[in-house]
């Protein structure tokens, strides 16, 4: 039972660190500002859409990792509670 608790603790820590890393990567990407005097062509629009899509993918991965961390820690608390009963 102690091994399972330790394993779930480690899993919770690793997935929480993964979530933090994904959110860091998502926040570190800067979008280029576009001036209102600038003419936008399809390549510029494609770069903007691609940047939004990459940020969305990284945010989704971070949310999944945070959910996995919460699930691992919830299971750890359930195992700990079951061991005490």
Report whether or not residue 54 is without any contact (Cβ under 8 Å) to a residue 12 or more places away in the chain and in contact with a helix residue (DSSP H, G or I) (Cβ under 9 Å, 6 or more places away or on another chain). no
Would region 25-39 turn up any residue that is out of contact with any strand residue (DSSP E or B) (no Cβ under 7 Å at 6 or more places or on another chain), part of a helix (DSSP H, G or I), modelled with pLDDT of 85 or more and exposed (fewer than 15 other Cβ atoms within 10 Å of the Cβ)? no
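Considering only residues that are touching a residue at least 40 places away in the same chain (Cβ under 8 Å) and closer than 17 Å to residue 65 by Cβ, look in region 1-12 and name the one that is surrounded by the fewest Cβ atoms within 10 Å (Cβ to Cβ).
Taking region 1-12 as the starting set, the residues that turn out to be touching a residue at least 40 places away in the same chain (Cβ under 8 Å) are 1, 4-5, 8-9, 11-12.
With closer than 17 Å to residue 65 by Cβ added as a condition, the list becomes 8-9, 11-12.
Working: 8: 20, 9: 14, 11: 17, 12: 20.
Looking at the filtered set, the residue picked out is 9.
The values are calculated or read from the model by the stated rules, or taken from the named source; none is laboratory data. What you are looking at is a predicted structure, and each value in this text was computed from that prediction instead of being measured. Methodologically, a virtual Cβ is constructed for each residue, glycine included, from the backbone with ideal geometry; neighbour enumeration extends over all protein chains shown.
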